[in-house]
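*Asks:* The structure that follows is given in the form of structure tokens.
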Amino acid sequence: MIQRKLEVRYLPFDRTTRVPPGTTLFSAAHWIGLPIDSTCGGRGTCGKCKVRVTEGRADAETADHRLLRPAEIDEGWRLSCQARIYEDITCEVPQLLRVPKAATMGLGRLVILDPNVRKVYLELAEPTLEDQRSDALRLKEALTEEGHDMVAGVPVLRTLPSVLRESGFRVTAVLAGEHLVAIEPGDTTGDCFGVAFDVGTTTLVGTLMNLRTGMAASVLSTLNGQAPFGADVISRISHGMNGPDSIRELQNAVVSTMNGILASLYRETGVSPERTYEAVAVGNATMLHLLFGIDPSPLAVMPFTPAFMEPLSVLASDVGLEIHPRGYIQTLPALGAYVGADIVAGVLATGIVREDKMRVFVDVGTNGEIVLGNAQRALATAAPAGPAFEGSQIRCGMRATDGAIEGVQLGDTVELQVIGGDVPPEGICGSGLVDAVAQLLLAGLIDYSGRMKTADDVPGHPLRDRLIDVDGIRAFLLADGVYLTQKDIRELQFAKGSIATGIKVLMDILGIETKDLDEVLLGGSFGSYLNPESAKIIGLVPPVDVDRIIAVGNSAGEGAKIALLSYRERQVAFELPGRIEYVELSGRTDFNDAFVSVLGFPHLELVG
Ligand code: FES
């Protein structure tokens, strides 16, 4: 069932957006990039986010009564972070009093620097016989004056009396949301870091971010330590099925990889773990389950139900992640069992669901995760592509490492681009496979059904000698010992057919055609290496102009960084599952019909 969206209009900008019922006026403004003043990031404590509701109704909440004058409430002023939208609303937004610090991230997204972790320097009044407030209350009241809420657990309370007294009651409070993470002597506000992790099945990327400046201090990527348990999520899940010890083994492997990255980042930058207060981690559902030691096996069997899809906030020490022991690991939500937090991060980084442009975002891998839509409506799905794009089940396939052919150009001769530069080609990786098949189509050496021609079929063709026979199977010789077989082409057809079908099903549901698509965004590391022209020629993506097919790089990592730097953006990510409709492809009859229709290659005149 699709929820009816409600319309909100912001004056004096005259900007309108449509949101699901229950969204706050603050979040809805953020969706369309309208800055509303705030220092508490929407927690209802700073009182800076007030707007005046001029049409429609928004009831005054407890925080309104606490922070606004009764006359203001009567005039329609409301804290926009508390005012939930249950009918169409028009409101006036006062001019910003300060220009917020912002950075451009992701796909040209202007992100206002407003991290969840805040440091507040306080000079507290020392206790006297006349003022015997507890240490915790003294601190809490000082923070309230600055517009912050505070909840302190026992571990931090243990440190409070000595730190306050040793520092002469001049301290820096470190808050993650409302949680008091630490109390540090003196003014340490200049020293505040967090880390963004993209936990990929193959590769992990960690970026240490300076939360004060919004700049990356350093970034590092390394192979996932779970690799010995299998290359893809299914083999990791299978290993986990051996019992709790195996799940622990997988958890330890990923946590030690993360800690290894952290150790190098700390070494390189001189930043200490005690000054790194938060980690935002994104990844597919299996990776996040294993990060927390949660059994992922139900993800692999019908009806594919994860243990959790909600965003989690977990003490770093519970997982053994080496940041501040009272710091937190925050994840983003998932949209479905196979459209995980990495895709939500990608949506955040590309801004798909907040702009009017109609775009499709495709993360090509063993699964093709697809998000299609714009600010009005968006859909997501996962199409099972199989391992062809990873170079598996391809006769001479290999991962994208040194010696892999990653680009192919056919003319009178064969030109190859090999990873590692001047090394002999050893095999072909996913992007090379896509390129090779596109070039064979262009050269007329395979037909639209995917059938490879024989040398006899193409007399006089400059490359006819390359059409060979390998164990009775037709093949094209790319280099000494490296060739592409008819079977490989079929594997690619299935893989690209599945993703193309996923896109088509979503386009049909939205009732749009290729001409309505403004852009095709290719995410993930594979998307960065894929030649857009070739992707279009083989029919992996809809045939839009090639300059509208854009590789968006590590959009998952960018999204994690954005969520680390901006509490408001994080809220936007939390709301994405309510804004994007998840479409399950298995069991849809239109999937099978469409799949058959896109298995062949598009006629070249159709792709331009
Ligand atoms: S009260 Fe701070 S943003 Fe609403």
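*Asks:* Looking at (1) surrounded by fewer than 19 Cβ atoms within 10 Å (Cβ to Cβ); (2) within 35 Å of the chain's Cα centre (by Cα), find the lone condition where Cys192 falls short.
*Replies:* (1)
*Asks:* Please state which one of Val344, Val339, Val371, Val364 is outside the structural domain of His30 (by TED's automatic domain parsing), under 15 Å from the mean Cα position of the chain (by Cα) and under 30 Å from Leu477 (Cβ atoms). Show your work before the answer.
*Replies:* On the way: Val344 fails: under 30 Å from Leu477 (Cβ atoms); Val339 fails: under 30 Å from Leu477 (Cβ atoms); Val371 fails: under 30 Å from Leu477 (Cβ atoms).
Answer to the selection: Val364.
*Asks:* Next question. Looking only at segment 479-520, which residues are touching a residue at least 60 places away in the same chain (Cβ under 8 Å) and in contact with a Lys or Arg (Cβ under 8 Å, 6 or more places away or on another chain)? Quick ask: steps written out before the conclusion?
*Replies:* Looking only at segment 479-520, we keep the residues that are touching a residue at least 60 places away in the same chain (Cβ under 8 Å), and these are 479, 481-485, 487-488, 491-510, 512, 516-520.
Answer for segment 479-520, where residues must be touching a residue at least 60 places away in the same chain (Cβ under 8 Å) and in contact with a Lys or Arg (Cβ under 8 Å, 6 or more places away or on another chain): Tyr483, Leu484, Thr485, Lys487, Asp488, Val505, Leu510, Leu517, Asp518, Glu519, Val520.
*Asks:* When only residues in segment 164-179 that are without any contact (Cβ under 8 Å) to a residue 40 or more places away in the chain and touching a strand residue (DSSP E or B) at 6+ places or on another chain (Cβ under 7 Å) count, which is surrounded by the most Cβ atoms within 10 Å (Cβ to Cβ)?
*Replies:* Ser167
*Asks:* Filter segment 65-79 down to the residues that are at pLDDT below 95 and within 12 Å of the ligand (Cβ to nearest atom) and list them by number.
*Replies:* Hits for segment 65-79 are Arg66, Leu67, Leu68.
*Asks:* Condition first: of a type in the set (A, V, I, L, M), more than 22 Å from Phe574 (Cα to Cα) and away from the ligand (no atom under 13 Å from the Cβ). Now tell me which residues in segment 19-57 satisfy that. Show your work before the answer.
*Replies:* The initial filter retains those residues of segment 19-57 that are of a type in the set (A, V, I, L, M), namely 19, 25, 28-29, 32, 34, 36, 51, 53.
After this cut, where a residue has to be more than 22 Å from Phe574 (Cα to Cα) as well, the list is 51, 53.
Of everything in segment 19-57, just one residue is of a type in the set (A, V, I, L, M), more than 22 Å from Phe574 (Cα to Cα) and away from the ligand (no atom under 13 Å from the Cβ), namely Val53.
*Asks:* Moving to a separate point now. Could you check Gly407 against (1) outside any strand (DSSP E or B); (2) under 23 Å from Pro532 (Cα atoms) and say which number it fails?
*Replies:* For Gly407, the exception is condition (1).
*Asks:* Let me ask something additional. What is the residue count in segment 201-225 for residues that are of a type in the set (Val, Ile, Thr), in contact with a helix residue (DSSP H, G or I) (Cβ under 8 Å, 6 or more places away or on another chain) and not in a strand (DSSP E or B)?
*Replies:* 2
*Asks:* So for segment 529-550 (the condition being under 22 Å from Met209 (Cα atoms), hydrophobic (A, V, I, L, M, F, W, C) and at pLDDT 90 or above), does at least one residue qualify? It would help to see each step written out before you state the result.
*Replies:* Residues of segment 529-550 under 22 Å from Met209 (Cα atoms): none.
No, there is no match, as no residue in segment 529-550 is under 22 Å from Met209 (Cα atoms), hydrophobic (A, V, I, L, M, F, W, C) and at pLDDT 90 or above.
*Asks:* So, one more: Cβ contacts < 8 Å: first residue in contact (Cβ under 8 Å) with a residue 60 or more places away in the chain and surrounded by fewer than 17 Cβ atoms within 10 Å (Cβ to Cβ), restricted to segment 243-255; second residue in a helix (DSSP H, G or I) and of a type in the set (A, V, I, L, M), any location; separation 6+ or different chain. Result?
*Replies:* none
*Asks:* Shifting gears a bit: Please verify whether segment 305-316 includes one or more residues that are surrounded by fewer than 19 Cβ atoms within 10 Å (Cβ to Cβ) and modelled with pLDDT under 95.
*Replies:* Yes, segment 305-316 contains at least one residue that is surrounded by fewer than 19 Cβ atoms within 10 Å (Cβ to Cβ) and modelled with pLDDT under 95.
*Asks:* Go through segment 123-151 and report how many residues are buried (at least 19 other Cβ atoms within 10 Å of the Cβ), away from the ligand (no atom under 16 Å from the Cβ) and closer than 21 Å to Arg275 by Cα.
*Replies:* Residues flagged as buried (at least 19 other Cβ atoms within 10 Å of the Cβ), away from the ligand (no atom under 16 Å from the Cβ) and closer than 21 Å to Arg275 by Cα within segment 123-151 amount to 1.
*Asks:* Go through segment 475-495 and report how many residues are in contact with a helix residue (DSSP H, G or I) (Cβ under 8 Å, 6 or more places away or on another chain), of a type outside the set (Val, Ile, Thr) and buried (at least 19 other Cβ atoms within 10 Å of the Cβ).
*Replies:* So the first thing to find is which residues in segment 475-495 are in contact with a helix residue (DSSP H, G or I) (Cβ under 8 Å, 6 or more places away or on another chain), and the list is 475-478, 484, 488-489, 491-492, 494-495.
Applying the additional criterion that residues be of a type outside the set (Val, Ile, Thr) yields 475-478, 484, 488, 491-492, 494-495.
Okay, now just the ones that are also buried (at least 19 other Cβ atoms within 10 Å of the Cβ), so 475-476, 478, 484, 488, 491-492, 495.
The total comes to 8.
*Asks:* Taking into account only those residues within segment 152-163 that are assigned to a helix (DSSP H, G or I) and of a type in the set (A, V, I, L, M), which is surrounded by the fewest Cβ atoms within 10 Å (Cβ to Cβ)? Break it down stepwise before answering.
*Replies:* Residues of segment 152-163 that are assigned to a helix (DSSP H, G or I), as a first pass: 154-163.
Now restrict to residues that are of a type in the set (A, V, I, L, M): 154, 156-157, 160, 163.
Details: Val154: 6, Val156: 19, Leu157: 15, Leu160: 18, Val163: 18.
The extreme case among them is Val154.
*Asks:* Moving on. Could you pull out the residue among Gly47, Gly33, Gly108, Gly22 that is under 24 Å from Thr189 (Cβ atoms) and either at pLDDT below 90 or touching a Leu at 6+ places or on another chain (Cβ under 8 Å) (or both)?
*Replies:* Of Gly47, Gly33, Gly108, Gly22, the one residue that is under 24 Å from Thr189 (Cβ atoms) and either at pLDDT below 90 or touching a Leu at 6+ places or on another chain (Cβ under 8 Å) (or both) is Gly47.
The values are calculated or read from the model by the stated rules, or taken from the named source; none is laboratory data. Keep in mind that what you see is a predicted model, and the values were worked out from it rather than measured. Ideal geometry is used to build each Cβ from the backbone, glycine not excepted, and the neighbour counts take in all protein chains shown.
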